[in-house]
Amino acid sequence: MKMTCLRAGAIRLCLAMMLALLVIPGYIVAPVLFAGAGSQALAGELAGRIFHLSLVTLLFLAAAVASFWWRMQSDGQIIGRRSWILLAALCLLVAINVFGLAPLMADIKHQMGPIDLIPKDNPLRQKFGMWHGISAVLHLLASIVAAMLVATSPIGNDSKKGTCPSL
């Protein structure tokens, strides 16, 4: 099997995993945690840990995709500007959530104490809710961008045959 085909498979795998690292924690795990955990505080703590791990992993996978694309370009294959912009946008959205909003929300939670004991009209709880909502919107946008990457990004081919063989 040609190196370009191995690279194409790695790109497919990375892109699919990046999408999964957004969809599974955000739209499957978190709702199950909040529905089944004994308290919102415990569910939030667990969800926060899962999000952090999955989103940092996503950034490493994005770096792998970028390095594969960089190599493909040096081999003469064209990676369109749109693909690079989508990858950069995804990284930016995820980085804002992981390194900007998550620490901010953790600080608010630390000031508040267990959210289960705080009245809904408490200013800190409302502030937390606002930042959590912004984070959720960024997560949704990142999920859409990741889906666009999976659907439209170049993955490479075997230049002699025109395509990589299926396994």
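Here are the numbers:
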{"read-out": "Every pair of residues 6+ apart whose Cβ atoms lie under 6 Å, when the first sits in the stretch 104-125 and is closer than 18 Å to GLY38 by Cβ while the second is assigned to a helix (DSSP H, G or I)", "value": "PRO114/ALA41; ILE115/GLN40; ILE115/ALA41; ASP116/GLN40; ASP116/ALA41; ILE118/MET112; ILE118/ARG125"}
{"read-out": "Selection count, the stretch 2-28, where residues are surrounded by 18 or more Cβ atoms within 10 Å (Cβ to Cβ) and in contact (Cβ under 8 Å) with a residue 60 or more places away in the chain", "value": "10"}
{"read-out": "All positions within the stretch 117-134 that are outside any helix (DSSP H, G or I) and among the β-branched types (Val, Ile, Thr)", "value": "ILE118"}
{"read-out": "Hits in the stretch 68-102 - residues which are within 24 Å of ILE144 (Cβ to Cβ), in a helix (DSSP H, G or I) and among the small types (Gly, Ala, Ser)", "value": "SER83, ALA88, ALA89, ALA95, GLY100, ALA102"}
{"read-out": "Members of the stretch 110-132 that are under 29 Å from ALA146 (Cα atoms) and among the basic types (Lys, Arg)", "value": "LYS127"}
{"read-out": "Test: LEU22 is over 24 Å from LEU87 (Cβ atoms), part of a helix (DSSP H, G or I) and in contact with a Leu (Cβ under 9 Å, 6 or more places away or on another chain)", "value": "no"}
{"read-out": "Some residue of the stretch 66-88 being of a type in the set (A, V, I, L, M, F, W, C) and within 23 Å of PRO103 (Cα to Cα)", "value": "yes"}
{"read-out": "Options ALA63, ALA146, ALA136, ALA89; residue that is more than 19 Å from CYS14 (Cα to Cα) and out of contact with any Lys or Arg (no Cβ under 7 Å at 6 or more places or on another chain)", "value": "ALA136"}
{"read-out": "The stretch 103-116, residues that are within 28 Å of ALA62 (Cβ to Cβ) and not in a helix (DSSP H, G or I)", "value": "none"}
{"read-out": "Residue among ALA142, ALA66, ALA136, ALA95 that alone is farther than 21 Å from ILE24 by Cβ and of a type in the set (A, V, I, L, M, F, W, C)", "value": "ALA66"}
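Bear in mind these aren't lab numbers, they're just calculated from the coordinates by the rules spelled out. This is a predicted model, so every value here is computed, not measured. Cβ coordinates were reconstructed from backbone atoms using ideal geometry, including for glycine residues, and neighbour counts include every protein chain displayed.
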